[in-house]
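What follows is one structure encoded as structure tokens, with my remarks underneath.
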Amino acid sequence: MGKKLLLILLLIVGAVSGCRSDRTKTPPEQESLAAIEKLHKIDQEASKRGDFDTLLTLMTDDCVLLPPERPPIKGKDAIREYIQGQKEQLHNIEITEYSHDFQEIKILGDWAYEWGYFSNAARAAGETIRERGKLFRILRRQEDGAWKVSRSIWNNDTAQDMGK
């Protein structure tokens, strides 16, 4: 009887300590989701403006980008160089639309992952070009509570993927 009572007490203590959340270090999930939504909004607005400098501030120093049909781009210096190349290629293009549609955002302490879709439209030489694709990112919470992109991979849908 004594061993059974001790086992029950240990199970209760274990359950209570397992349920206790460490809210002093990790803000509530709603606060994190609001901060991630702020990241999304800044990302979308900067993308529409072609503001690559702001986009760079949304990434961690050790960020890794995995763009389609290119080798990984590791670290902010390499990303800055990649972005500079993108700026030069896009100087005659006006971005008219850009949006995300995240299907899932999962927060795991100071890390989060999200996946979804992106779409954009741009005008070049009087022609509108539309693009859609899939996006997966790993985010990291910063000391100030803001979230930044730590890893990002994306691909463009083909005409078949888009139902054409």
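Read-outs: derived from the displayed coordinates by stated rules, not from any lab. Please read all numbers here as calculations on a predicted model, not as lab measurements. Here Cβ is always computed from backbone atoms with ideal geometry, including for glycine, and neighbour counts include all displayed protein chains.
Which GluC sites (Glu not before Pro) in the range 101-164 sit in a loop by DSSP (not H, G, I, E or B) and have at most 16 other Cβ atoms within 10 Å of their own Cβ? Walk me through the numbers on the way to the answer.
Values: sites: GLU104, GLU114, GLU127, GLU131, GLU143; in loops: GLU143.
Answer in residue order: GLU143.
Give me the percent of Cα-Cα pairs in the range 92-164 that sit more than 16 Å apart, rounded to a whole number. All intermediate terms of the calculation are to be shown ahead of the outcome.
Working: 1563 of 2628 pairs.
Of all Cα-Cα pairs in the range 92-164, 59 percent lie more than 16 Å apart.
Using per-residue counts of other Cβ atoms within 10 Å, averaged over each peptide, order 58-64, 95-101 from highest down.
Values: 58-64: 16.6, 95-101: 14.3.
Final packing ranking: 58-64, 95-101.
Mind checking the full-extension length gain between GLN103 and ARG49? Use 0.36 nm per residue of separation minus the Cα-Cα distance, one decimal, nm.
Numbers: separation 54, 0.36 × 54 = 19.44 nm, distance 2.45 nm.
Full extension of this stretch gives 17.0 nm more.
What do you get for Rg/Rh of the range 28-156 when both radii come from the Cα atoms and Rh is the Kirkwood radius?
Values: Rg = 14.7 Å, Rh = 15.3 Å.
In the range 28-156, Rg relative to Rh is 0.96.
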